[in-house]
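Below is one structure, written out as structure tokens; comments come after it.
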Amino acid sequence: MGSWSDKFSVNIDIIDEQHKELFNILDKCYELLLKDKENDKYDEIITILEELKEYTIYHFQTEEDFMRKNGYSKFLTHKFAHDAFIEEINKFDIYSIDIDQKKSINDILDVVSNWIKVHIMETDKNIPKYLKM
Ligand SMILES: [Fe+2]
């Protein structure tokens, strides 16, 4: 899977650095999907999901603090998008994951790649445009 590259930059160092973490989580998820098909992957899926949850809360907090401090004018719309991602991640439940592990990994991959493609590439990339610095 592709790793972070300049084309994903939002031109704000602290945010770019944290976005690289999201790509690491995406990579781990892909590796898990491709790994030996017979094995039970339940514990590893839960580990990735917990990591994703913690990262998401920590990262969105950083972005929101940055936007507030720098007079970002579309704060509420942006925060709304963040909250929607948190909600989506919280929807995964530990029982359904065990019923169809492959589907769960694919669902996590979908959330993260959609976050990168839509949120980072469109919403986050526009952060500098709406700052009063
Ligand atoms: Fe964002």
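The values are calculated or read from the model by the stated rules, or taken from the named source; none is laboratory data. This one's a predicted model, so the numbers in the text were calculated from it and none came from an experiment. Positions of Cβ are backbone-derived with ideal geometry, glycine not excepted, and every protein chain shown enters the neighbour counts. Calculation scope for accessible area: heavy atoms of the full protein, side chains included, ligands and nucleic acids excluded. Shrake-Rupley method; radii C 1.70, N 1.55, O 1.52, S 1.80 Å.
Details
- Filter result (open to solvent by less than 80 Å² (accessible area, probe 1.4 Å), of a type outside the set (A, V, I, L, M, F, W, C) and away from the ligand (no atom under 16 Å from the Cβ)) within the stretch 14-29: ASN24, ASP27
- Members of the stretch 17-46 that are within 25 Å of ILE99 (Cα to Cα) and out of contact with any helix residue (DSSP H, G or I) (no Cβ under 9 Å at 6 or more places or on another chain): ASP27, GLU31, LEU34, ASP36, GLU38, ASN39, ASP43
- Of all residues in the stretch 123-132, those being open to solvent by 60 Å² or more (accessible area, probe 1.4 Å), at pLDDT below 95 and either within 13 Å of the ligand (Cβ to nearest atom) or not charged (D, E, K, R) (or both) number 1.
- Matching residues, the stretch 39-91, being of a type in the set (Phe, Trp, Tyr) and farther than 22 Å from LYS125 by Cβ: TYR42
- Per the conditions (1) surrounded by 11 or more Cβ atoms within 10 Å (Cβ to Cβ); (2) more than 23 Å from SER3 (Cβ to Cβ); (3) modelled with pLDDT under 95; (4) not hydroxyl-bearing (Ser, Thr, Tyr), the sole criterion not satisfied by LYS35 is (2).
- Under the condition of being open to solvent by 50 Å² or more (accessible area, probe 1.4 Å) and away from the ligand (no atom under 15 Å from the Cβ), the residues counted in the stretch 70-98 number 7.
- Residue count for the stretch 105-122 under the criterion of being closer than 19 Å to THR77 by Cα and loosely packed, with under 15 Cβ neighbours inside 10 Å: the result is 5.
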